[in-house]
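The values are calculated or read from the model by the stated rules, or taken from the named source; none is laboratory data. None of the values given here were measured: they were computed from a predicted structure. Ideal geometry is used to build each Cβ from the backbone, glycine not excepted, and the neighbour counts take in all protein chains shown.
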Amino acid sequence: MAKIRVVVVDDSALVRSLLTEIINRQPDMSCVGAASDPLVAREMIRELNPDVLTLDVEMPRMDGLEFLSRLMRLRPMPVVMVSTLTEQGAEITLRALEMGAVDFVAKPRIGISSGLAELSGDIVDKIRVAASAHVRRQASALSTPESRAPQSAPDTPRAPLPRLSTEKIICIGASTGGTEAIREVLMPMPADAPAIVITQHMPPGFTTSFAARLNTLCRIRVEEARDGQRILPGHAYIAPGGHHLRIDRSGSNYVAVVEDTEPVNRHRPSVEVLFRSAARVLGPNALGVMLTGMGADGAQAMREMKDAGSYNYVQDEASCVVFGMPRMAIQCGAAHEILPLNQIASALLNKLAASPSSVRHRI
């Protein structure tokens, strides 16, 4: 079996050395080149034809975003960004994901040698996933708010949505490729849409920027979930990085529960935690959505949602960056409908418009 060929691009000689060593220790991959800047990397890509690129953001001669923009227009390939754990680093990383990067690794600000060693399992896992990801050519360079709109925005129902009570909640799970998939689902939602609760696999330090970025693009209010806050229509709540998010009941209200208990399926936040709480607390008042992502997190719990009365949508393979989580949800029998990404928002809205009223959960 052919090894995954990787080129590392980073202006730090230490980071290049560490990443090369981490990659070459794996029996299924090889670091075939290490470049100190994008101009050197460009020649390496032409000569070595790698399967995956790891790319730093801040580099001399050409920054990582500009290089990524050119790469995704002219020679699309799987890219894993290597970003810093700062607010600015999070913003830049989210832009990179918008521009076509498959995933990212957040390198520590101090103790780089020990930090990258601790992250080695995560790094090589993401390289493996990136090697099999569906990468699409990007039409434009550095994106603007207008260019970030879905290219084929789904039609909203012709009839206005009936007023929906707080009983209805949309629950979304995603991993690799999910930041852009979530954006495409949320942007068409009207200001009075039912509440949306989201678990996206993401480390601490990035979900705050992710929520703020979505909030500038959407008609609904998007925020990072806070423990104990009431879940309201017209709002989307994103699980904070490093914490699980589940739904609970407080009297007649639904509330968010944010906790830092043990990882589930190796993840924190875990889709399994959110979906299992939806099955237990929401029952038929839930709509489930499984988007692109690696692994099987949330698949079995989505089946529990279906058994409890939820109606579930799963993203199809052709539109996924990685078809792992959706595939496992389908294999579990959790899906009612399997749809392209650009049809999921309209399907949700049409389902809600066709519902005569919300189903009151029995306590």
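Of the strands (runs of 3 or more DSSP E) lying entirely inside region 37-132, the ones with 1 or more residues being of a type outside the set (A, V, I, L, M, F, W, C) and in contact (Cβ under 8 Å) with a residue 60 or more places away in the chain are found at 52-56, 103-107. Yes or no: S270 within 28 Å of V124 (Cβ to Cβ), out of contact with any strand residue (DSSP E or B) (no Cβ under 7 Å at 6 or more places or on another chain), buried (at least 21 other Cβ atoms within 10 Å of the Cβ) and among the polar types (S, T, N, Q)? No: the conditions fail for S270. If the condition is being at pLDDT 50 or above and either touching a Cys at 6+ places or on another chain (Cβ under 8 Å) or buried (at least 16 other Cβ atoms within 10 Å of the Cβ) (or both), then region 136-149 contributes only Q138. Within region 250-300, being closer than 12 Å to H201 by Cα and among the charged types (D, E, K, R) holds for R266, R268, E272, D297. Could you check, for region 35-45, whether at least one of its residues is of a type in the set (A, V, I, L, M, F, W, C) and either under 28 Å from T208 (Cα atoms) or out of contact with any strand residue (DSSP E or B) (no Cβ under 7 Å at 6 or more places or on another chain) (or both)? Checked region 35-45: at least one residue is of a type in the set (A, V, I, L, M, F, W, C) and either under 28 Å from T208 (Cα atoms) or out of contact with any strand residue (DSSP E or B) (no Cβ under 7 Å at 6 or more places or on another chain) (or both). Filtering region 341-363 to residues that are surrounded by 16 or more Cβ atoms within 10 Å (Cβ to Cβ), farther than 15 Å from G283 by Cα and either in contact with a Ser or Thr (Cβ under 6 Å, 6 or more places away or on another chain) or at pLDDT below 70 (or both) leaves L341, N342, L349.
Among the residues that make up region 150-169, is at least one of them under 21 Å from M29 (Cβ atoms) and modelled with pLDDT of 75 or more? Outline the logic, then answer.
Of the residues in region 150-169, the ones under 21 Å from M29 (Cβ atoms) are none.
For region 150-169, residues under 21 Å from M29 (Cβ atoms) and modelled with pLDDT of 75 or more: absent.
When E317 is tested against (1) buried (at least 24 other Cβ atoms within 10 Å of the Cβ); (2) closer than 18 Å to I344 by Cα, just one condition goes unmet, and that condition is (1).
What about R219, is it farther than 23 Å from A345 by Cβ and over 16 Å from the mean Cα position of the chain (by Cα)? In short, no.
Considering only residues in region 218-250 that are touching a Lys or Arg at 6+ places or on another chain (Cβ under 8 Å) and under 21 Å from A106 (Cβ atoms), the one that is surrounded by the fewest Cβ atoms within 10 Å (Cβ to Cβ) turns out to be G242. Looking across L349, L341, one residue alone is assigned by TED's automatic domain parsing to the domain that holds G177, within 24 Å of I220 (Cα to Cα) and touching a Cys at 6+ places or on another chain (Cβ under 8 Å). It is L341. Of the residues making up region 18-39, those that are closer than 27 Å to G111 by Cβ and surrounded by fewer than 16 Cβ atoms within 10 Å (Cβ to Cβ) are E21, N24, R25.
Does region 1-56 hold any residues that are touching a helix residue (DSSP H, G or I) at 6+ places or on another chain (Cβ under 8 Å), among the polar types (S, T, N, Q) and more than 21 Å from S83 (Cβ to Cβ), and which are they? Hits for region 1-56 are Q26, S30.
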